[in-house]
Ligand code: PGA
């Protein structure tokens with residue numbers, strides 16, 4: 001894992017944007033895995049400002065609430081169109097977001113996996129992390145080999161997401177999420193975490209044992225992971241000084 005600690009959220013998101021921009025320049029038809037929530041917002045703002053060519057890019061989102069109408073302001077469909085897709089030249093037919101209203105959810109999940117495979121797999125997956133260590137909506141104790149499927153949110157996640165819905169009662173219980181096995185097949189995983197509420201989950205994921213209790217810790221088993229943190233999110237890392245030194249002393253050819 002490469003741990004990149006930056007003084008501000010904007011700086012950390014800016015590095016993540018540069019990593020994606022480089023991929024899109026090298027591979028204009030890249031397949032991106034995308035995330036929602038408050039974390040990727042500064043990343044999407046930075047990407048929009050870069051004026052990149054998205055015309056050949058294909059995207060797959062990590063997750064979606066089950067049963068929320070697609071037009072609901074808190075659906076991840078709404079989120080993605082509002083915060084990214086409407087502002088770039090992506091072809092709508094290249095956008096894939098799980099359908100939380102599919103009549104046959106397991107069949108939909110299987111077809112989502114097939115679509116990812118048919119697109120050639122995900123080149124770069126953007127990830128946030130929950131305060132409980134979830135990636136996508138793979139809550140603690142998720143199988144580390146799981147594929148796209150239905151999950152039930154933990155009370156902690158529903159509490160965390162109540163801020164978007166106005167009340168905890170309005171947060172759906174069920175979601176579709178790419179599985180941990182699905183995420184592990186992305187060729188590069190780019191995890192972002194900002195703010196002190198993520199510090200414990202980040203420290204467990206990076207420096208703790210690999211365990212389904214902190215699903216993000218499985219990324220220790222992935223060959224190419226970059227973790228972009230602001231200082232508060234890095235606040236509980238024992239080796240923060242080492243990670244800072246490594247980043248500041250990268251050979252020029254390795255820099256973003
Ligand atoms: P957040 O959520 O970005 O809204 O904090 C992250 C997550 O739940 O993965």
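So in the range 105-154, with the set limited to residues that are within 16 Å of the ligand (Cβ to nearest atom) and not in a loop (DSSP other than H, G, I, E, B), which one is nearest to the chain's Cα centre (by Cα)?
Among those residues, the one meeting the criterion is 127.
Take the conditions in contact with a helix residue (DSSP H, G or I) (Cβ under 9 Å, 6 or more places away or on another chain), surrounded by 14 or more Cβ atoms within 10 Å (Cβ to Cβ) and more than 30 Å from residue 196 (Cα to Cα) and apply them to residue 9. Does it pass?
no
Could you list all residues from the range 80-101 that are more than 19 Å from residue 153 (Cα to Cα) and surrounded by 15 or more Cβ atoms within 10 Å (Cβ to Cβ)?
Of everything in the range 80-101, those that are more than 19 Å from residue 153 (Cα to Cα) and surrounded by 15 or more Cβ atoms within 10 Å (Cβ to Cβ) turn out to be 80, 81, 83, 84, 85, 87, 88, 90, 94, 95, 96.
Under 16 Å from residue 16 (Cβ atoms) and in contact (Cβ under 8 Å) with a residue 12 or more places away in the chain: which single residue out of 200, 214, 189 fits that description?
None of the others qualify; the one that does is 189.
Can you confirm whether the range 121-136 contains a residue that is more than 24 Å from residue 228 (Cα to Cα), surrounded by fewer than 20 Cβ atoms within 10 Å (Cβ to Cβ) and touching a residue at least 24 places away in the same chain (Cβ under 8 Å)?
Checking the range 121-136: not a single residue is more than 24 Å from residue 228 (Cα to Cα), surrounded by fewer than 20 Cβ atoms within 10 Å (Cβ to Cβ) and touching a residue at least 24 places away in the same chain (Cβ under 8 Å).
Would you mind listing the strands (runs of 3 or more DSSP E) fully within the range 158-256 where at least 3 residues are touching a helix residue (DSSP H, G or I) at 6+ places or on another chain (Cβ under 8 Å) and within 16 Å of the ligand (Cβ to nearest atom)?
It comes to 188-193, 225-230.
A short reminder: the numbers here are calculations on the coordinates, not readings from a lab. These numbers come from a predicted model, not from an experiment. Quick reminder, even Gly has a Cβ in these numbers, built from the backbone with ideal geometry, and neighbours come from all protein chains shown.
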